[in-house]
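Reviewing the structure listed below.
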Amino acid sequence: MMQVEPLTLVILGATGDLTRRLLFPAVYRLFARGRLPELKVVGYATEEMSSKAFQQHLEKSLKEFVPKFSQEVWDRLKAQVEYVSGDLTPEKIRALEPQVEGNALFYLALPPQLFDDAAVGLGSVGLHREKGGWRRLIIEKPFGWDLESARGLRERLHQHWEEHQLFRIDHFLGKETVQNLMVFRFANRFMEPIWNAANIAQVQITAAETLGLEGRYKYYDQAGAMRDMLQNHLMQIFALTAIEPVSKWDANNLRQHKVEVLQSVRPIPQERVKEFAVRGRYGPGVMDGKNVPGYLEEEGVPHDSRTETFAAIKLYIDNWRWEGVPFYLRSGKRMKQSYTEVAVQFKEVPTQLFSGVEDLSNWLIFRMKPEEKIDLVAYAKTPGLNLETRTVVLCTEISRKEEMDFTAYEQLIMDAAEGDQTHFLRFDEVEEAWRILDPILKAWQHGQPEEYASGSLGPNGQGRLMDPGHYWRSPEDD
């Protein structure tokens, strides 16, 4: 079992929700497994508190979000946890200097509008310098709010930080099923001959949530579904689904292949956005038997907000492998079901052997939520005297719920600590994703999203994206 070098993890935004719910529980589980034996954690935030009070704050969160919490493990870890209060000005950040020696990983668990201030502040006091050890900066999404702001953020970061020090995190890339998408495709010889436009009719990538804002209105009303989910998470899954086979498994090779996919996406003219994109916003409805408010009635949301809570797009890749195959990406809040999947539909078999059967196309489905598994929807004979077909689902579980005591953050923290950028984004990936979506965002500056009822399948208008013969699938279709 590989162990990383001794390091200091500095969490900027240490009292926030991301740290409490995801980041520090992941650190705790890694420490408990012996993967981070020589670790020092320094929390940094604006709230004034002692290191002891910060440790108590973390302990409360761990007991809430770590089912297998061990007091003995926490007692060992908390002895290595410190806290420093301050804002992002160089004068205040300088207080971190005595806490950081040797290798250091800086995690920006901050609102996106503060990323550049934090990076510049750390660099201005010399915390980026790799004299006594390596220094790395983990940046959460979204990386910018559009193409122009993403380029501006890159320039600000590069005032002090080199590209090899920057780790643009997308936690979807650490998920077991996302990584299995690549392994299943490239480790099985039978996949390559059929993974192309000659055999595949369409690909659907869906991330549906039953949750609403959950107190995130300050961030979400600026971001919306497109920036929060499609520009990063779903665009990364899209690129991994469509990439050419890689000859060598390393960061530059994999990321270059993803960039080539994004560069091949057919541009969407701003005047034709309605043909390729749909937006919606949840209204009042019923969830689990309870009445819930619409987005505009949520606390803190402006009554004139144009923010979408549902976004769907159709993309075409203009290359030899994918010519004419539509890729549909969608994500929405307050939907009927909560699930995330990549569904690949193969073309219907060219036969009239089975009379009365309208569709004999197979689906290969990589399910990421709520369970992590791979399903193949196929057809077999119905028992009896007649030659009739029935649907059968060949399923393999990637992990069971009782085994899932870790998240994608463990994988990505370890990768960053080891300097492996394979599952992190290179800037040209970010740039190309914004290039694809910028015309849509500009068109959506006017007008309002279509309303859909909470607890429904989303706005009716999403159907207009589908090519003839295609329909949006749901888990109930199998």
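The 1.4 Å probe gives accessible areas that order Asp116, Asp304, Asp288, largest first, as Asp288, Asp304, Asp116. Summing charges over all other residues whose Cβ lies under 12 Å from the Cβ of Glu163, with Lys and Arg as +1 and Asp and Glu as -1, gives +3. Spin-label model, Glu297 to Leu114: label points 7 Å out along the Cα-to-beta-carbon direction sit 3.3 nm apart.
Looking at the square roots a ≥ b ≥ c of the eigenvalues of the Cα gyration tensor of the range 240-331, which shape do they give, rounded for a/c under 1.5, prolate if a/b is larger than b/c, or oblate? Judged from the Cα gyration tensor, the range 240-331 comes out prolate (a/c at least 1.5, a/b above b/c). Solvent-accessible area of Lys442, all protein chains in place: 100 Å² (probe radius 1.4 Å, heavy atoms, ligands and nucleic acids excluded).
Using C-alpha pairs below 8 Å separated by at least 6 residues, the relative contact order for the chain is 18 percent. Under 5 Å from the amide H of Tyr379 lie the amide H atoms of Val392, each residue being 5 or more positions distant or on a separate chain, with H modelled from the backbone and absent for Pro and chain starts. Highest mean packing comes first when the peptides 43-54, 131-142 are listed by Cβ atoms within 10 Å, giving 131-142, 43-54. Surface calculation, 1.4 Å probe, protein heavy atoms: Glu162 sits at approximately 110 Å² accessible. Of all aspartates and glutamates in the structure, the ones whose alpha carbon falls short of 14 Å from that of Lys442, not counting any fewer than 8 places away in one chain, are Asp146, Glu148, Glu271, Glu308. Take the Cβ atoms of Asn196 and Glu130, set R0 to 41 Å, and the FRET efficiency comes out at 0.40. Computed over every Cα-Cα pair of the range 104-258 and binned at 5 Å starting from 0, the pair-distance distribution P(r) comes out as 1, 7, 14, 17, 16, 15, 13, 9, 5, 2, 1, 0 percent. By the Stokes-Einstein formula, at 1.002 mPa s and 20 °C, the range 1-40 with its Kirkwood radius over alpha-carbon pairs has D equal to 198 µm²/s. Note on the chain: helix-only mean residue ellipticity at 222 nm, from DSSP H runs of 4+ residues weighted -39500 (n - 2.57) and normalised by residue number, equals -8000 deg cm²/dmol. What is the spin-label model distance, in nm, from Glu97 to Glu388 if the labels are put 7 Å beyond Cα along the C-beta direction? Using points 7 Å along Cα→Cβ, the separation is 8.1 nm.
Across the range 1-148, the mean sequence separation of Cα contacts (distance under 8 Å, 6 or more residues apart), normalised by length, yields a relative contact order of 28 percent. Before anything else, pin down the relative contact order of the range 100-161: Cα pairs under 8 Å, at least 6 apart, normalised by residue count, whole percent. Relative CO of the range 100-161 lands at 45 percent. The alpha carbon centroids of the range 220-286 and the range 1-44 are separated by 30 Å. For Arg464 and Ser50, the difference between the fully extended length at 0.36 nm per residue and the C-alpha to C-alpha distance is 143.4 nm. Charging the Cβ of each Asp and Glu at -1 and of each Lys and Arg at +1, and nothing else, the dipole of the chain about its Cα centre rounds to 280 debye. DSSP beta bridges in the chain, what fraction antiparallel, as a percent rounded to 5? Once the DSSP bridges in the chain are tallied, antiparallel ones form about 55 percent. For the range 162-226, the calculated P(r), taken from all Cα-Cα distances in 5 Å bins from zero up to the bin holding the longest distance, is 3, 10, 11, 17, 16, 15, 13, 9, 5, 1 percent. When you filter the chymotrypsin sites (Phe, Trp or Tyr not before Pro) in the range 265-341 for DSSP loop state and at most 15 other Cβ atoms inside 10 Å of their Cβ, you are left with Trp320. Here each label is just a point 7 Å from Cα along the line to Cβ, and for Glu397 and Asn252 those points are 4.2 nm apart.
The values are calculated or read from the model by the stated rules, or taken from the named source; none is laboratory data. Computed from a predicted structure; not experimentally measured. FYI the Cβ positions are ideal-geometry reconstructions off the backbone, even for glycines, and counts take in every protein chain you see. Side chains are part of the model used for accessible areas, which takes the heavy atoms of the whole protein and leaves out ligands, DNA and RNA. Shrake-Rupley method; radii C 1.70, N 1.55, O 1.52, S 1.80 Å.
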